[in-house]
1. Quick one: in segment 129-143, of everything that is within 42 Å of the chain's Cα centre (by Cα), part of a helix (DSSP H, G or I) and under 11 Å from residue 108 (Cα atoms), which residue is modelled with the lowest pLDDT?
2. Which ones in segment 173-189 are in a loop (DSSP other than H, G, I, E, B) and either open to solvent by less than 60 Å² (accessible area, probe 1.4 Å) or farther than 21 Å from residue 153 by Cα (or both)?
3. Out of segment 299-315, which residues are of a type outside the set (Ser, Thr, Tyr), part of a helix (DSSP H, G or I) and open to solvent by less than 30 Å² (accessible area, probe 1.4 Å)?
4. Give me the pairs, please: first residue somewhere in segment 64-76 and open to solvent by 50 Å² or more (accessible area, probe 1.4 Å), second residue anywhere and at pLDDT below 85, beta-carbon distance under 6 Å, and either six or more positions apart or on two chains.
5. For segment 47-59, give me each residue that is open to solvent by less than 60 Å² (accessible area, probe 1.4 Å) and part of a helix (DSSP H, G or I).
6. Do you know which residues across segment 90-128 are among the polar types (S, T, N, Q) and either touching a Lys or Arg at 6+ places or on another chain (Cβ under 7 Å) or in a helix (DSSP H, G or I) (or both)?
7. Surrounded by fewer than 20 Cβ atoms within 10 Å (Cβ to Cβ) and closer than 30 Å to residue 264 by Cβ: does that describe residue 228?
8. Could you look through segment 346-380, keep only residues that are in a loop (DSSP other than H, G, I, E, B) and free of Cβ contacts under 8 Å to residues at least 40 places away in the same chain, and pick out the one that is least open to solvent (accessible area, probe 1.4 Å)?
Amino acid sequence: MSAPRRPDPLAVAVGNASLLGVGYLLLGRRALFWTAAVVTAALLWLTYEAAGTWCELLVVLWWAAVVAHGWWLARRYPSAGPGRGQRVLAFALTVPVLAAAGWVRFDAYGIEDTVAEARADGSCRDAVDAQEGVGLRHRLVAAPVAARGDTVVEACERLDTAASYLSGGLTGDLDMLGSAFERLGAVLREPGNEPTVGATLQRYLGQLPTDDGCRDLRVADWLRDRGTGPRELTGPASAAAARIGPGALVECGDALMSDERWSGARENYQRLLAEYPGDARADDAREGIAKAGLAIELDRVEELVEAADGMDSGYCRRPAKYSAAPVHRKGKSGAVFVGDTEYTAKLPEAWRSDTPDAALVVCADEAEAGDVVETCAYRDHDGRIGSVRFNKLAVRVKVYALRTGKLVRDRTVQMSGESCPGILRYFDSMPSRMAVSPSKADVRDAFAPVVGR
């Protein structure tokens, strides 16, 4: 096919403006047509891949170059006049191409505006839904515009990951919570993400408090202690800590009380009064402090009572108070007997009480020889007559008021009992001294004045 004799410069320029190489076909330059097609395709692919404004500038420069080159080539041919048919063909091909490109770019900017509005409203879901409207045509004709929407979607995907870590933080996993805030901070450093980051954080904070007060307390302390970082994160974190902190302190304190972890419970109640003195739960905290304090005292007393197996051990060595113990009332109050219980074990059950209900703690030492009751003569195994003195049993007794832990009596009691039995039982040689054999009544009579009976 030979080139047209009189190519119309305007038609050639307009044809090349379509970037389809139509002008070169009007000139009969097939080699230029294929070259232009390859270059155009390469530039469009580069724009699709790089999505940079500089790529679009290359396309514009290429467009201007082929238009100008087509005009220059056509001007070299002699022309008797305008080629109306050529112009109609050129315009028929170029106008729809340019119109379609313009419409696609217009649509791309519309999608970008929708994505931007959704991000400004903090809605990643709406932004992602809008960006899903971007297709291949947009990425070829308006790649940088489409890429800006992709950046928003990528940030939203990172926020989804951060949200999953925040959900892990609801279980009390502070490491996951720390990772979540690191991810939020990384997204926040990119301009324009403030609303979506804020919305993600607020969705998490809105799920607090949970049904576990101690877990909430750990989270609240962690949120409150975030002293450094962007204010978009530290501000909401501090506000959430202040919102859930008082309730978490009381609820965790109550839970620890139920688990008999008295010290931890009291510490939580004390923190509430120190950090939130005007909180409506302050009276409950004071009551909790009192209960926990009594429980701690009782635990300590019971531990010491359990360890007291003599005058130099346990409660007998280090007496402690139990403020809720009853005041001693003569003839009515019970006691806890510790130390050497050989004889105190023979006292009436009515004199005894469990530690929480006792008014006294009675420490008894080992029995020793007391006053001489009488001396009796006995014949030993060899027929010789000897004398045996019978002594009362002397026991040193210390009595403590459990309510105060103070010593109220320190004396030695002496127990009477049977002496000079008709038959003296012994091993080896006859002893010169023996103790009387007290009955339960004798033991009771000896200890009654000491314990107020």
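1. Per the criteria, the residue is 131.
2. 173
3. In the first step, residues of segment 299-315 are kept if they are of a type outside the set (Ser, Thr, Tyr); the result is 299-312, 314.
Cutting the leftovers down to part of a helix (DSSP H, G or I) gives us 299-307, 314.
Across segment 299-315, the qualifying residues are 301, 304, 305, 314.
4. Cβ pairs passing all conditions: 71/9; 71/13; 75/9.
5. Within segment 47-59, 47, 50, 55, 56, 59 meet the criteria.
6. So the first thing to find is which residues in segment 90-128 are among the polar types (S, T, N, Q), and the list is 94, 114, 123.
Those that are among the polar types (S, T, N, Q) and either touching a Lys or Arg at 6+ places or on another chain (Cβ under 7 Å) or in a helix (DSSP H, G or I) (or both): 94, 114.
7. yes
8. Within segment 346-380, the match that is least open to solvent (accessible area, probe 1.4 Å) is 353.
The values are calculated or read from the model by the stated rules, or taken from the named source; none is laboratory data. None of the values given here were measured: they were computed from a predicted structure. A quick note on method: Cβ atoms are made from the backbone with ideal geometry, for glycine too, and the neighbour counts reach across all protein chains shown. Surface accessibility is based on the protein's heavy atoms, side chains included, excluding ligands, DNA and RNA. Shrake-Rupley method; radii C 1.70, N 1.55, O 1.52, S 1.80 Å.
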